[in-house]
């Protein structure tokens, strides 16, 4: 999935016109394993959009649904999730992204034979980008975590490995194998420390 900032606009803000000469083409390139998601532009856009949404001077579009028209990545909430919950939300986000990417590949979302997205295709691409960013954010939180319980160490490892494996190709297979070996070691060390009541040691699985 393309990993671009979401460009959702708040209600009342002028809609950006689409220049068909610069329409985006489907992005099938996957993010390289180990890349990090800073979310800088996304968060800036969301802050601006939410500020506009809360501005009482903006007239609400009569066709708009109830509630806010923007959605942000709640990093604080992600940091509060357990390792199992991070694993589960990454898994769901990944599946949703695959489904939307499949729809994006359908001819009905292309403008012409050049395979440029039409307006609807661009909207789907934005949704796909946001979901991809959310998945990346969940993985980043898992990478930064230092669980001690063996089951949590294992879930953390599976979260990171599943994400990296999807982004990996033959050129980084050795790196993935090394990460998997480190994950096995982390889990066994956690089990050993738990049996002996020893202080936990840092997890080694990272990207």
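The values are calculated or read from the model by the stated rules, or taken from the named source; none is laboratory data. On a predicted model such as this, the values are computed, not experimentally measured, just so you know. Cβ: placed from backbone, ideal geometry, glycine included. Neighbour counts: every protein chain shown.
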* residue 120 versus (1) in contact with a helix residue (DSSP H, G or I) (Cβ under 9 Å, 6 or more places away or on another chain); (2) over 22 Å from residue 89 (Cα atoms); (3) at pLDDT below 95: which is the lone unmet condition? -> (3)
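Listed here are the residues, each with its yes/no results for (1) assigned to a helix (DSSP H, G or I); (2) under 30 Å from residue 194 (Cβ atoms); (3) modelled with pLDDT under 95; (4) in contact with a strand residue (DSSP E or B) (Cβ under 6 Å, 6 or more places away or on another chain).
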residue	(1), (2), (3), (4)
93	yes, no, no, no
101	yes, no, yes, no
141	yes, yes, no, no
164	yes, yes, yes, no
* So is residue 190 assigned to a helix (DSSP H, G or I), out of contact with any strand residue (DSSP E or B) (no Cβ under 9 Å at 6 or more places or on another chain) and closer than 27 Å to residue 96 by Cβ or not? -> no
* Does residue 106 satisfy the condition of being farther than 17 Å from residue 82 by Cβ, free of Cβ contacts under 8 Å to residues at least 40 places away in the same chain and out of contact with any strand residue (DSSP E or B) (no Cβ under 7 Å at 6 or more places or on another chain)? -> yes
* Restricting the stretch 30-74 to residues that are exposed (fewer than 14 other Cβ atoms within 10 Å of the Cβ) and in a helix (DSSP H, G or I), the residue that is modelled with the highest pLDDT -> 51
